[in-house]
1. So what are the ³J(HN,Hα) numbers for region 181-196, from phi and the Karplus equation (6.51, -1.76, 1.60; θ = phi - 60°), rounded to whole Hz, Gly and Pro as x?
2. Calculate the dipole size of the chain relative to its Cα centre from +1 charges on Lys and Arg beta carbons and -1 charges on Asp and Glu beta carbons; express the result in debye to the nearest 20.
3. What FRET efficiency comes out for residue 89 versus residue 373 if R0 is 35 angstrom and r is the Cβ-Cβ distance? Round to the nearest 0.05.
4. Using the Cα centre as the reference, give the magnitude of the dipole from point charges on the C-beta atoms of region 152-275 (Lys, Arg: +1; Asp, Glu: -1; all else neutral), rounded to the nearest 20 debye.
5. Once the dipole of the chain is set up with Lys and Arg at +1 and Asp and Glu at -1 on Cβ about the Cα centre, which of 264, 428, 488 lies farthest towards its positive end?
6. No solvent, one uniform scatterer per C-alpha: report log10 I(q)/I(0) for the chain via the Debye equation at q = 0.09 1/Å, two decimals.
7. In degrees from 0 to 90, rounded to the nearest 10, what is the angle of the helix 133-148 Cα long axis to the longest principal axis of the chain?
8. Semi-axes, largest first, in whole Å: what does sqrt of 5 times each Cα gyration tensor eigenvalue give for region 223-375?
Amino acid sequence: MASLAGEDDPFKDPSLAGSSTPQLESQMQDSAVDPTLAVGRNASLTLATDSLIVLGTSLLVRHEGLLEARSSACCGLSLTPGQNKATRSIPFFNILWAEYSQDEEITIQYAHAEAKETVRPATIRYTLETKERDVVDAWMAALLHRAYGPSQRQKRIKVLVNPFGGQGKAQKIYNKHIAPILAAARCEIDVEMTTHNEHAIEIAKNIDVDKYDVIACCSGDGVPHEVFNGLGQKDDGAHALAKIAVSQLPCGSGNALSLNMNGTNSPSLAAVAMVKGLRTPLDLVSITQRDKRTLSFLSQSVGIVAETDLATEHLRWMGSARFTWGFFTRLVGKKIYPADIAVKFEVETKADIRAVYSAEKSKPPPNHEERPMPAMGTGLPELKWGTVNDPLPTEWDLVPHDRLGNFYAGNMAYMSPDANFFPASLPSDGCVDLVRIDGDIDRWTAIKTLDAISKHQFFDQPHVDYHKISAYRIIPKNQPDGYISIDGERVPFQPFQAEVHKGLGTVLSRSGHLYEARGP
Ligand SMILES: Nc1ncnc2c1ncn2[C@@H]1O[C@H](COP(=O)(O)OP(=O)(O)OP(=O)(O)O)[C@@H](O)[C@H]1O
């Protein structure tokens with residue numbers, strides 16, 4: 001989703017594909033390999049800087065089972081002037097698998113851009129010219145190394161499909177757009193349909209963590225929320241959350257996990273991003289409310305955002321415009337949601353927040369593939385600040401917010417495709433980003449605020465209170481009822497307390513340490 005990160009389509013420009021480190025490593029490790037492999041029909045395959053260059057007069061290209069012999073002048077293949085040869089450049093990021101058989105036929109499968117937001121597996125095949133197997137072995141190893149970098153190949157994936165997700169289309173989306181990519185990448189797949197609410201909690205709670213590398217949710221954000229909680233409910237919750245990466249292949253109405261980690265709302269592009277994804281620690285937030293402790297991976301909201309999200313179900317026919325409409329009407333109506341709030345601040349000024357973000361961005365991508373993980377038997381971390389039922393920690397001040405309009409704590413940048421609400425958020429800084437806005441701001445400021453989100457100017461609005469925090473308690477008051485949203489799910493309208501656990505969860509991302517979003 002090019003516009004998401006405000007950058008070019010990474011499937012055209014593999015340098016954006018989190019592959020700078022892998023490439024550097026490649027150059028060091030496979031420098032002894034001849035980059036060009038001669039294959040049949042006077043053709044060759046060359047490992048260029050960031051892509052595979054295929055040069056040949058008659059290459060066989062198969063798209064989804066259809067094997068065609070393509071002549072050099074058709075189907076997007078460019079002719080080299082004066083020669084009857086066709087060249088094709090395939091970014092390493094798009095290469096899903098490569099192998100050769102006993103009869104010396106080399107097969108390379110890659111994600112081919114079929115339409116703007118859709119890729120499908122395509123295959124090229126050649127008969128090898130050289131009989132020197134060690135030369136071919138080294139070349140193939142170099143190709144796969146450049147294609148995957150430090151990302152684990154052939155991931156073992158438990159796929160959960162919510163048949164009701166995406167207005168009932170999730171299964172169809174999985175079969176058509178996702179499964180072919182996973183098969184081409186030779187992933188080990190185990191698919192299960194969720195059959196009822198909270199089924200994903202049960203599945204994750206009972207999963208054998210040694211059997212899988214990833215749980216991929218073909219759903220909206222509701223199923224990943226359940227998976228994080230199910231893993232956390234295991235006796236060794238911390239170990240399970242570190243061992244298994246949670247991924248989302250967007251098939252729901254809210255797909256923030258995929259927007260932030262895969263940089264796309266497209267199921268097939270997300271499938272490629274997952275196949276190539278780097279293990280990345282993700283902060284998770286313990287929420288205590290009444291006697292319950294749950295984990296939140298995305299956001300918590302009280303006030304306008306919660307109400308817009310949860311109280312506009314009847315406007316579903318509007319599509320994503322319902323959020324804009326719901327937000328706008330409440331903003332202009334100067335609705336307030338009074339509460340008392342106590343916060344454990346970590347980074348207070350916008351200048352310092354910017355500096356923290358820039359410092360993380362300038363670091364080289366880390367390699368978490370082998371990160372040490374909590375020993376087996378390690379459960380969820382103790383709550384450092386107790387629960388909402390304990391006396392308020394003495395270091396915290398409970399501050400009345402009588403004109404509060406929006407309390408919004410975000411653990412990721414994008415909340416929806418056009419809303420980079422928390423541009424300074426980082427996957428594993430031990431903080432959520434907190435936005436508070438008064439409910440009685442004047443109408444002109446309200447309209448400007450809405451406009452600023454889409455123009456990427458929200459962070460700098462003077463009336464937008466933005467901090468990095470590691471814990472808080474919120475006590476709604478003077479309202480008989482209302483809306484509280486945790487990861488988009490409604491919870492009782494009662495006080496709750498939140499505490500961030502640095503890097504407790506694991507996701508797959510393209511960079512290994514940043515969201516696919518423009519920073520502040
Ligand atoms: N088979 C099922 N029957 C009923 N509910 C289910 C089933 N499978 C999953 N669910 C529930 O559906 C909820 C929403 O899931 P999902 O992750 O797809 O989020 P969403 O974006 O809200 O989806 P939707 O597109 O339906 O709005 C979750 O709370 C989950 O427990």
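Bear in mind these aren't lab numbers, they're just calculated from the coordinates by the rules spelled out. If you're wondering where the values come from, they're calculated on a predicted model, not measured in any experiment. Every residue, glycine as well, gets a Cβ built from its backbone with ideal geometry; the counts of neighbours run over all protein chains shown.
1. 5, 5, 5, 4, 7, 6, 6, 8, 10, 9, 9, 9, 7, 7, 10, 7
2. With Lys and Arg at +1 and Asp and Glu at -1, about 940 debye.
3. Numbers: r = 39 Å, r/R0 = 1.11.
For residue 89 and residue 373, the calculated efficiency is 0.35.
4. Details: 12 positive and 12 negative charges, 105 e Å.
The calculation lands at about 500 debye.
5. Farthest along the dipole direction, towards plus: 264.
6. With no solvent term, the Cα-only Debye profile gives -0.66.
7. With rounding to tens, the tilt is 20 degrees.
8. The answer is 29, 22, 20 Å, longest axis first.
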